[in-house]
Amino acid sequence: MKIGITCYPTYGGSGAVATELGIALAARGHEVHFITYAQPFRLPSFLPRVWFHEVDVGRYPLFEYPPYDLALAVRMHEVVRDHQLDVLHCHYAIPHATSAWIAREMLRDGAGDIRVVTTLHGTDITIVGQDRSFYTITRFSIERSDAVTAVSDYLRDETYRAFGCVGCEVEVIPNFINPAQYDRAKHVFPIPQEVTGGRKVIMHISNFRPVKRVRDIVRTFAGINAVIPSVLVMVGDGPERVDAEAEARELKVADHVLFLGKIDAIAPLLAGADLFLLTSDKESFGLSALEAMASGVPVVGARAGGLPEVVTEGVTGLLRPVGDVDAMAAAGIAVLGDADRWRTMSRAAAVDARTRFAEEAIVARYEALYERTLASAPTR
Ligand code: GMT
């Protein structure tokens, strides 16, 4: 098949999943065309059967808000027409699924036809899509997609609840990991011993958006650090980083917290972590938690959204109510303070990630979905 993929190319789970999916599809013999405004952050410069088509929004003094969604639709139309694509797979509904609908309408001039598959990732449904400004277009774009997937049962149910789509069936296809990549034994932890000082390494990776509640990460860490000597490694960047730094100073743990900024290769970092923290108030899946689990890192976090579908309570991690940093700190202490328990959880996490979320099986599900969609009549 010839598959176009559109995603947010920047640091974030949906872009990571879309890129890994494209790479895996190309390895299985498909032709994959990424159509985005920048090279996706996890895409190497060259891979057989993989192409990158940049969307140029252009500049015009009249445009205070350059119409990216239109430029994307035009690029999608060109790429589908010139490369005779079969499927356009949009990751994150807004505006990708809308642009794909426009591109498909433009193809009615006889230049070809395309099936549109939309994967819902999270805030496209739980926050942005429900904003008044975007609600009707989000619903429209979901209903006009030929197939819709969500990354968790929680997100599927939330889509039905919030949008009540007519005639659309949302299939749950969870995110996945490449087991060879997230292998604790394979990497050298890049943070030297003189920095960690033999202390436990607690890690958080995110885009530091408000939903991540990064202050809670620091508070939870402070609670753990008061009992178990540890260091907090914060990976990523975003609007709440300054607040997290301020919280660390306020709680007098700043000397024990490292802010590394955006780092693309996270598998070597996770290979040296003892505990992963994810305290979000909304998390449709929690790809970073899955990547941690695959690396043998137990997860402590908030029982929010789809995270309990990824982290099995008491087996691969411990989840506590959103905002209950004392309970999350106690959970962290319980895991880190008992070497046998930690070892059992670490092994269970690595096995579970490879069993329920293995790349092979999940990529095959997307392949089957594309084939089914191509075999059925288009949605109009
Ligand atoms: O929806 C977002 O806020 C952004 C998106 C992203 O690009 O990182 O994250 C969502 O998609 C990820 C990949 O499917 C999920 O692992 C995240 O849980 C989800 N984020 C939220 O639901 C907040």
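General remarks:
- Sorted peptide list for 296-309, 277-290, 133-146, criterion being average Cβ within 10 angstrom, highest first: 277-290, 296-309, 133-146
- Near THR119, the amide H atoms lying under 5 Å from its own belong to CYS90, HIS91, TYR92, THR149; only residues 5 or more places off or on other chains count, and H is placed 1.01 Å from N.
- Within the range 3-71, the GluC sites (Glu not before Pro) that combine a DSSP coil assignment with at most 14 other C-beta atoms in a 10 angstrom radius are GLU64.
- Cα shape, the chain, gyration tensor, a/c 1.5 rule: prolate
- Overall, the anisotropy analysis places the range 181-224 in the oblate class: the square-rooted eigenvalues a ≥ b ≥ c of its C-alpha gyration tensor yield a/c not less than 1.5, with a/b not exceeding b/c.
- The translational diffusion coefficient of the range 184-356, from Stokes-Einstein at 4 °C and 1.567 mPa s with a Kirkwood hydrodynamic radius over alpha carbon pairs, comes to 84 µm²/s.
- Compared with the rule-of-thumb size 2.2 N^0.38 Å for a compact globular protein, the range 161-244 has a Cα radius of gyration ratio of 1.55.
- Net lengthening on full extension, ARG108/GLU78 (0.36 nm per residue, minus Cα-Cα): 9.5 nm
- Alpha-carbon centroids, the range 61-120 and the range 283-324: separation in whole Å: 35 Å
Read-outs throughout are calculated quantities, based only on the coordinates presented, and are distinct from any laboratory measurement. All values derive from a computational prediction rather than experimental measurement. As a convention, Cβ positions derive from the backbone with ideal geometry for all residues, glycine included, and neighbour counts pool all protein chains shown.
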